[in-house]
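Only one structure is covered here, and it is reproduced in the block below.
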Amino acid sequence: MHVTRIDERLATLTKPVLNPASQLKLSSDDCLVVCGGFEDRTLGILKNAVAAASGFKVVIVNYQPFMADNRLGDIRKLCQQSGLKPVETSYDRQSPAGFGVTLLETVSGVQGRIFLDVSAMSRLLIVQCLAALADRDDGFRDCVVAYAEATNYPPSLSDVAEALKQASEDPMHTILLLSSGVFDVTVVPELSSTSIGGGQTRLVAFPTFSADQLTALLNELGPSTLTFINGNPPSAHNQWRTGAIATINRMDSLPHEGLNTSTLDYRETLDALLRLYTRGSERERLLVSPTGSKMQSVAVGLFRAFVKDVQIVYPTPKEFRSPTNYTKGIGQLYTLPLDVFVN
């Protein structure tokens, strides 16, 4: 008799699509979890929600160490103007262990839906939140991911071309487009693998414009094999980014398996992770680093919420460049109901 494994069940599950939303409608029983980042889209979901209702609950995740450019003050002001009394909780990106428990304690009294706004969250925070919500008694029942696209995604093609030109002329030149350095390759206990260590390890990484993140992962972890999941942007004018990231990370010099998934449709990334696990889980240990897009990180979070013998590793940036180098504008809003993932 064959007992269906969790990865096999997830692979055959009809996964919900990411729904474009013109107007979010939250009730007084609902809760919106927002994060005080420095991108314009930090406020996108909250602004939309308060336009239709003002009685719902708000949980603000306050990033530490403090950054003056974060939009925390704007979130507080919008809540005050809308008659909302938010609850605040801190997230230390340099010491993030245990935040899942904090989140569950903060939302424990919510009677309605929990909307998790991932628009301004770090990739590791997204995974931590989803893994925690899955561990509730009701799991993902009445949980919804909310997401605001940006209208502009730096760096520009000209910025990258100039950086590559400088690097070709000066071998010592370091390309710094979004962040610089890695504070630590972070492993939090709640996202550690339950499998026995040793043997072959496969690092599944999402290369980015910050090449030092991949370098830190390789140096710290020394994986046996590599799988790179490259992001395919949904808009044609951003397609150049995939090749540029490969060049910046010198991926052609690293023996690896290359996969391509959408930066927006999380299902492609989730299915890719499930295939990797099903194919190799008996002979190798998966180390997954969620440094891709926000929705690719949602896929990693859903994957890790159910497949426990996978290790999540994250190269926490040491320093961020000017917030003006990050996404601009508020684009299309989306919601993703997670009820179908309830066991």
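Residues whose amide H comes within less than 5 Å of that of Cys143, counting only those at least five positions distant or on another chain, are Ile114, Leu338, Asp339 (H built at 1.01 Å from N in the peptide plane). Ranking Thr278, Val204, Leu133 by Cα position along the charge dipole of the chain, where only Lys, Arg, Asp and Glu carry charges on their C-beta atoms, puts Leu133 farthest toward the positive end.
Sequentially through the range 210-223, phi angles give Karplus couplings (6.51, -1.76, 1.60; θ = phi - 60°) of 9, 5, 5, 5, 5, 4, 5, 4, 5, 5, 7, 9, x, x Hz, Gly and Pro residues having no value and appearing as x.
About its Cα centre, the dipole of the range 1-86 is roughly 180 debye, where the only charges are +1 on Lys and Arg Cβ and -1 on Asp and Glu Cβ. For the range 157-325, the gyration tensor built on C-alpha atoms gives a prolate shape. Its axis ratio a/c (a ≥ b ≥ c) is at least 1.5, and a/b is the larger of a/b and b/c.
A simple rule links phi to the HN-Hα coupling: the Karplus curve 6.51 cos²θ - 1.76 cosθ + 1.60 with θ = phi - 60°, which for the range 72-77 gives 4, x, 5, 5, 4, 5 Hz, with x for Gly and Pro.
Mean projected area of the convex hull spanned by the Cα atoms of the chain, taken over all viewing directions: 17.3 nm². Amide H contacts of Val288: Val204, Gln311, Ile312, Val313, each under 5 Å away and 5 or more positions distant or on a separate chain (H built 1.01 Å from N in the peptide plane; Pro and chain starts excluded). Here the chain is assigned +1 on the Cβ of each Lys and Arg and -1 on the Cβ of each Asp and Glu. Its dipole about the Cα centre then comes out at about 420 debye. Applying a threshold of 27 Å to the alpha-carbon distances of Lys165/Lys294; Lys85/Lys308; Lys15/Lys308; Lys15/Lys318 flags Lys165/Lys294; Lys85/Lys308; Lys15/Lys318 as lying beyond it. With a Förster radius of 41 Å applied to the beta-carbon distance between Ser28 and Asn152, the computed FRET efficiency rounds to 0.70.
Where a number appears in this text, it was derived from the coordinates with a stated rule and is not lab data. Small disclaimer: the values here were computed from a predicted structure and weren't measured. Every residue, glycine as well, gets a Cβ built from its backbone with ideal geometry; the counts of neighbours run over all protein chains shown.
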